[in-house]
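Since every read-out is calculated from the coordinates, none of them should be taken as a lab result. Since the structure is predicted, the reported quantities are computational estimates derived from the model, not experimental observations. Note that we place each Cβ from the backbone using ideal geometry, even for glycine, and neighbour counts take in every protein chain shown.
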Amino acid sequence: MADEALDLCISTLTVNGTFSNDQAKALCSQFAEASSTSAGMTDLVVGLNTLYLTSCGALVFVMHAGFAMLCAGAIRSKNTMNILLQTVMDAAVSAIAFYILGYGFAYGLGDKPNGFIGDALFGMARWYSKNNNDLVGEGWQNWFFQWAFAATATTIPAGAVAERLNFNAYLIYSFFISAFVYPVVVHWVWGWEGWLGMLRNPELTHLFRSGMIDFAGSGVVHMTGGLAGLAGCLMVGPRMGRFDSNGNPVEMPGHSATLVVLGTVLLWFGWYGFNPGSQLLISSLDNASVVGRAAVTTTLSGAAGCLSCLLTAFFRHKAWDLLAGCNGALVGFVTVTAGANVLEPWAALICGLTGGWVFDFVCWVFLKLRIDDPLSAAPMHAFCGAWGVFFVGLLAKREYVCASYAKDCSQWVPHGLFYEGDGRLLASQVIGIICIFAWVFGLMSMLFAVLKFAKILRISAEEEQAGLDVSKHGGSAYNYDHGLGKPEKAQALGL
Amino acid sequence: MNILLQTILDAAAAGIMWYCVGFGFAFGQGENPNKFIGDAMFGLARYSTHYTGSGTGRWTDFFFQWAFCATAATIPAGAVAERFNFNAYLGYSMFIAGFVYPVVAHWAWCPQGWLGFATVKPLLDTGYIDFAGSGVIHMTGGLAGLIGAAMVGPRLGRFDADGNPVEMPGHSAILVVLGTVLLWFGWYGFNPTSMLAIDTYAYANVVGRSAVTTTLSGAAGGIACLLGGFIRRRGWDLVGLCNGILCGFVAITACCHVVEPWAAIICGVVAGIWFDFLCWVLLKLKIDDPLSAGPMHFGTGMWGVFFTGLLAKQEYITEAYNRTEDKMYGAFYPHSNGKLLACQIIGILAIIGWVGGTMTIFFGIFKFFGALRIPPEVEEMGLDRSKHGGSAYNGGGMGVSPSAPGNDVMRNQQQPSIKVLPMNG
């Protein structure tokens, strides 16, 4: 390759005798120097992809920060320390759990590779012998990036069980999700051997000869987290006073709109690592265009979701509801997460718009069924995540699928039903939704049932009345002193 | 307001001092390069002809190194909070950023320095490894803070007449958490990027690995402190968790590039336990360190430097430094010649000596002139009202805003609990 380029350069310069052969050689070899050594190219490519994925992983972590602020603002202040503690703690627990077990169950390809679960790389054992790739090197950053996703799935349920879950129960289920429940789903959908996903080894048979597409994890991450939250929510029961004796819901708004917005914008910002980063590589024209497009579709879907929920709330309540806008934006992001790489921008708008409707509808159903989900985590992540997965089966565009997954577009590739598709992709999406639901909801319901039986699921009524912060966490989240140096002073002055 | 102002200010002061003298003292290699201090590039003079002792020698290196300098300069703020004279604060920010820190950076990170690993003539033919600065940054800032805290004395009312500590919790757990997660996020720039380049296979591995080890150490430190707090007090302590996470990061900062992931977990766990112990020691000595900056940065920073000498792995050292000489790796690996550990210890002692000496003299001068501490009336009223024109919070604050937009929909159902049940400690 390099020699052809060199020869072309020399022949171009020596035509018409502009340069002598020696002069041309001297000139052309200057350009050939750095870029044509294949080792040099590989180094640069590896460096570029490493830098890209590491940065995106850090951005995904910012989403964790955003979620902490969102949760804090959306619940009552007497439980703020508790939910902050849970959110920060599950970042830590998920890291350890994912290191010891999770990554191996998700991506390990050992001696008995199978479609269900991974069987190697526990504790990152024999990491170097399993990797070594021209595009990503030893790929340490892969562990890091995947952990950030695991942490996201692990923290989503916190919103659904907020304000009344026993902390030991929280510790246990955080570990369980990040060590086992989530990684298995990852293996199915994103693993080289996974039975469900389109990413499966091309030489093996794919589901419906297609396989499920879930780009950044509407199903894998959001459905998993949301369904775990739903299971917990159902098992633990509503907060005291949430439904009156007639079964009608009682308003329990959060204590800080400011924190909700801060959380939302941090999540929005971080999503630009979550979605575009899921291409995993940026070192080619195709990869780069997918990355760029993912940023576009993410933005548009979030925007559409925000406006959708805002308008719905206006029609229902004749008021411009900030919380609805924030939730709507997040819904838009959740739904587009499955197909940010394969949807047209206009399709992303529809995705967010319809996602908002799904969300509002499910929230209404929850209240009718007397399910108390303080953050509406289950409607947002489980149901809108499922909608996002389904939507991909409708509107995934062929050319984008080829660009994103390095497929040959002259052959059949999975694409959406509305593009004169034959429904094979859609069928895979539906099977995926059903199986993820069964696996996650089934396992987590069992876990929560066991915890309930052991009487460590819910806090006591007195603790719930007083608030978890003063009961369990040594004090309030807020000790305002208004610049006087002592909270008691401020209190005494009536501030 | 006071501490917010101080923190913003020392980013700015560090910027100016770093430009004028700091960068030169740290990385300048001029006519008479020596092992102790830099001698070129003051005010970035003749920037294009003097190779900076950092990275690829471009503008970004100045900027990147400034960010580290600002970190070292701001760490002491936590230790001396709520009672420090503002002039003394301004003075020490400039002194640390302009002189104390750059000299340590020169020793450890400039190719001419006497201490560092990648230098022209390394100590004991080996050199001291400190990737992103557990020693250079955190020990420096932490020790300066500790000395300041000891010399300025505890906050009024912090220790009662019998010498027992009185609880003085912070005013907003939200801000503590927000700060912690922002620090966590930023640490992914602090550690992995300290490789300074990513254009080779080996460097890319180092960067990726650093992200992994950083995460694991922070996680382990957090869990260690959380469980420690639970065992001691039967409560789940949020601030303890946050502190533990940060301790894990501080410790791994020295060796994130050369230790195995499992070693990073050990690093974090021990950092958490060591931190809790040092906090207890400080209370026994009646030193009041509001942010526990001394234990966290000085204490766990020192642990991180030491740990590097135990479990730095040969293959990873080769990837990061291109050095393949035998046996100069961690002492817990078989057949190590122990020289790396020796260099780490020498480095610790040198930093303690230098920072301890300079900052004691510096704070001593201010104390001699009675300019170290604010008067008791000012402290009683709070610095914000006395010196900064009012409260940081007018009408409620970030958590409770009766007038914040959207509150007609999100009504404040409950006042925040102002009854504080302190953790027994």
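Loop only by DSSP, 15 or fewer other Cβ within 10 Å of the Cβ. Give me the chymotrypsin sites (Phe, Trp or Tyr not before Pro) in segment A:286-363 that pass, ordered by residue number. Present the calculation step by step, with values, prior to reporting the outcome.
Details: sites: A:F314, A:F315, A:W320, A:F333, A:W346, A:W357, A:F359, A:F361; in loops: A:W320.
For chymotrypsin sites (Phe, Trp or Tyr not before Pro) across segment A:286-363 that sit outside H, G, I, E and B with at most 15 neighbouring Cβ atoms in 10 Å, the list reads A:W320.
For A:N133, which sequence-distant residues (separation of 5 or more, or a different chain) have an amide H within less than 5 Å of its own amide H, given hydrogens modelled in the peptide plane?
Sorted by chain and number, the residues that satisfy this are A:E138.
Using only alpha carbon pairs under 8 Å that are at least six residues apart, calculate the relative contact order of chain B and give it in whole percent.
Relative CO of chain B lands at 18 percent.
Can you give me the relative contact order of segment B:18-117 as a percent, contacts being Cα pairs under 8 Å and 6 or more apart? Working shown, then result.
Details: 149 pairs, mean separation 37.3, N = 100.
Relative contact order for segment B:18-117 comes out at 37 percent.
Summing +1 for each Lys or Arg and -1 for each Asp or Glu, what net charge is found among the other residues whose Cβ lies under 15 Å from the Cβ of A:T312? Present the calculation step by step, with values, prior to reporting the outcome.
Values: positive: A:R316, A:K318; negative: A:D321, A:D360.
Neighbour charge sum, excluding A:T312 itself: 0.
Along segment A:180-185, what does the Karplus equation 6.51 cos²θ - 1.76 cosθ + 1.60 (θ = phi - 60°) give for ³J(HN,Hα), rounded to whole Hz, x for Gly and Pro?
3J(HN,Hα) across segment A:180-185, in whole Hz: 9, 4, 5, x, 5, 4.
Mind checking which of A:L425, A:W346, A:Q465 is farthest towards the positive end of chain A's charge dipole, using Cβ charges of +1 (Lys, Arg) and -1 (Asp, Glu) about the Cα centre?
Positive-most Cα among the choices belongs to A:Q465.
Within 15 Å, Cβ to Cβ, of A:V220, how many net charges do the neighbouring residues add up to if Lys/Arg are +1 and Asp/Glu are -1? If you can, show how the numbers build up before the last one.
Working: positive: A:R200; negative: A:D214.
Local charge sum for A:V220: 0.
Using Cα pairs closer than 8 Å and at least 6 residues apart in sequence, work out the relative contact order for segment B:242-292, in percent.
Details: 24 pairs, mean separation 19.5, N = 51.
Answer for segment B:242-292 is 38 percent.
Net charge near A:V46: determine it from the other residues with C-beta under 11 Å of the C-beta of A:V46, scoring Lys and Arg +1 and Asp and Glu -1. Walk me through the numbers on the way to the answer.
On the way: positive: none; negative: A:D43, A:D134, A:E138, B:D199.
Neighbourhood net charge equals -4.
Given H placed on each backbone N at 1.01 Å, which residues far from A:G475 in sequence or on other chains put an amide H within less than 5 Å of it?
A:V470, B:L421
Charges on Cβ only, +1 for Lys and Arg, -1 for Asp and Glu, centred on the Cα centroid of the protein assembly as shown; of A:M63, A:T14, A:G159, which one is farthest towards the dipole's positive end?
So the residue we want is A:G159.
Considering the dipole of the protein assembly as shown built from charges on the beta carbon (Lys and Arg +1, Asp and Glu -1) around the Cα centre, which of B:F185, B:L340, A:M252 is farthest to its positive end?
Result: A:M252, furthest along the dipole toward the positive end.
Considering chain B as a Gaussian network with a 10 Å cut-off on Cα pairs, which listed residue, B:D384, B:D162, B:D130, attains the greatest mean-square fluctuation?
The residue with the greatest mean-square fluctuation here is B:D162.
Based on C-alpha coordinates, I'd like the Rg and Dmax of chain B, in Å.
Considering chain B through its Cα atoms, Rg and Dmax are 22.0, 70 Å.
Counting only pairs 8 or more residues apart or on different chains, how many lysine pairs in chain B have their Cα atoms under 19 Å apart? Walk me through the numbers on the way to the answer.
Numbers: B:K35/B:K121; B:K121/B:K327; B:K121/B:K339; B:K286/B:K367; B:K313/B:K327; B:K313/B:K339; B:K327/B:K339.
Total qualifying Lys-Lys pairs in chain B comes to 7.
Given springs between every Cα pair under 10 Å in a Gaussian network model of chain B, which of B:G299, B:G78, B:G248 has the largest fluctuation?
Looking only at B:G299, B:G78, B:G248, the largest GNM fluctuation is found for B:G78.
Provide the FRET efficiency to the nearest 0.05 for the A:N133-A:L493 pair, computing r from the beta carbons and using R0 = 60 Å. Spell out each step's value before the answer.
Working: r = 65 Å, r/R0 = 1.08.
For A:N133 and A:L493, the calculated efficiency is 0.40.
Along segment B:91-102, what does the Karplus equation 6.51 cos²θ - 1.76 cosθ + 1.60 (θ = phi - 60°) give for ³J(HN,Hα), rounded to whole Hz, x for Gly and Pro?
Per-residue couplings from phi come out as x, 6, 4, 5, 5, 5, 5, x, 9, 4, 5, x Hz.
Per residue of B:255-264, count partner chain C-beta atoms within 10 Å of its C-beta, then hand back the mean as an integer.
2
Search the structure for amide H atoms under 5 Å from the amide H of B:R373, placed 1.01 Å from N in the peptide plane, and list their residues when 5 or more places away or on another chain.
Hits under the 5 Å cutoff: B:N85.
Apply the a/c threshold of 1.5 to the C-alpha gyration tensor of segment A:260-361 and tell me whether it is rounded, prolate or oblate. Each step should come with its number before you reach the end.
Values: a/c = 3.34, a/b = 2.00, b/c = 1.67.
Since a/c reaches 1.5 and a/b is larger than b/c, the shape of segment A:260-361 is classed as prolate.
What is chain A by shape, rounded, prolate or oblate, if you read a ≥ b ≥ c off the alpha carbon gyration tensor as root eigenvalues and call it rounded for a/c under 1.5, prolate for a/b larger than b/c, and oblate otherwise? Each step should come with its number before you reach the end.
On the way: a/c = 1.93, a/b = 1.80, b/c = 1.07.
It comes out prolate by the Cα gyration axes.
Where both residues lie in the protein assembly as shown, what percent of DSSP beta bridges are antiparallel, nearest 5?
Working: 6 of 8 bridges.
Bridges in the protein assembly as shown are about 75 percent antiparallel.
Under the rule a/c < 1.5 gives rounded, and otherwise a/b versus b/c splits prolate from oblate, where does the protein assembly as shown land using the Cα gyration tensor? Walk me through the intermediate numbers first.
Details: a/c = 1.76, a/b = 1.04, b/c = 1.68.
The shape class here is oblate.
With θ set to phi - 60°, apply the Karplus curve 6.51 cos²θ - 1.76 cosθ + 1.60 along segment A:364-377 and write out the HN-Hα couplings as whole Hz, x wherever there is a Gly or Pro.
Using θ = phi - 60°, the values come out as 4, 4, 4, 5, 4, 8, 6, 9, 9, 10, x, 9, 6, 5 Hz.
For the protein assembly as shown, what is the calculated [θ] at 222 nm in deg cm²/dmol (nearest 500), taking -39500 (n - 2.57) for each run of four or more DSSP H residues and dividing by its residue count? Display every interim value, and only then the final one.
Details: 37 runs with 526 residues, N = 920.
Here the helix-only value at 222 nm equals -18500 deg cm²/dmol.
Anyone know which of B:L226, B:L311, B:L283 comes out most mobile in the 10 Å Cα GNM of chain B?
The residue with the greatest mean-square fluctuation here is B:L283.
Sort B:8-14, A:266-272 by the packing proxy (mean of other Cβ within 10 Å over each peptide's residues), most packed first.
Details: B:8-14: 19.0, A:266-272: 22.7.
Result, highest mean Cβ count within 10 Å first: A:266-272, B:8-14.
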